[in-house]
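Notes follow the structure.
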Amino acid sequence: MQKIATNLPDVFVLEPKVFGDARGFFLVSYNRQTFANLGIEADFVQDNHSCSTNGVLRGLHYQIRQPQGKLVRVVAGEVFDVAVDLRKGSPSFGQSAGMVLSAENKRMAWIPPGFAHGFYVLSETAEFLYKTTDYYAPEHERSLLWNDPALNINWPLTGEPVLSEKDRLGLPLSQADVFE
């Protein structure tokens, strides 16, 4: 597994070794020891799977209590994935990293606790899998406004994104609950 740095010091793209032949391919998407050797020590407690259609933007989500680290990957289709640092004392507070994750490139991203996360679907549909380090706690969930100019995220939009009501009502960084 190769660990590829992003512009945020604690967010990484992970590229697994893919073994393929005429029959198909095999890869290891998670191995505790391999991840520990890469400096990612996480205890995953929940796996999630979502499917979204082209133009859907989910995020930017985080939990102010019970913050979740996320290991994310796409097993069908392609997304533009984004992480935003919400740790007030961090030198990269308010900065974002964006990356393309797809079934074709088989890359994953590690988004540690203390970050907001979201993605925009580039393909006709996308199936998105993610492991979390804490349980979903809707009472602690927050949405950061996906298009807040302060975040300077260059979303590769092809029109108006399809948003949930909670994402439409996300707060700008200046008003959002953040991590101390």
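A short reminder: the numbers here are calculations on the coordinates, not readings from a lab. Just so it is clear, the model here is predicted, and its values are computed rather than measured. Ideal geometry is used to build each Cβ from the backbone, glycine not excepted, and the neighbour counts take in all protein chains shown.
Regarding Asp85, is this residue of a type in the set (D, E, K, R) and within 16 Å of the chain's Cα centre (by Cα)? Full working, then the answer.
On the way: of a type in the set (D, E, K, R): yes; within 16 Å of the chain's Cα centre (by Cα): yes.
Spelling it out, Asp85 is indeed of a type in the set (D, E, K, R) and within 16 Å of the chain's Cα centre (by Cα).
Name the one entry in Thr34, Thr53 that is over 19 Å from Arg142 (Cβ atoms), out of contact with any strand residue (DSSP E or B) (no Cβ under 7 Å at 6 or more places or on another chain) and surrounded by fewer than 18 Cβ atoms within 10 Å (Cβ to Cβ). Show your work before the answer.
Values: Thr53 fails: out of contact with any strand residue (DSSP E or B) (no Cβ under 7 Å at 6 or more places or on another chain).
Matching residue, one of Thr34, Thr53: Thr34.
Quick one: which strands (runs of 3 or more DSSP E) lie wholly within the stretch 102-180 and hold at least 3 residues that are within 15 Å of Gly69 (Cα to Cα) and either aliphatic (A, V, I, L, M) or touching a residue at least 12 places away in the same chain (Cβ under 8 Å) (or both)? Spell out the reasoning first.
Numbers: elements: 108-111, 115-121, 125-132, 141-143.
The strands (runs of 3 or more DSSP E) meeting that bar are 108-111, 115-121, 125-132.
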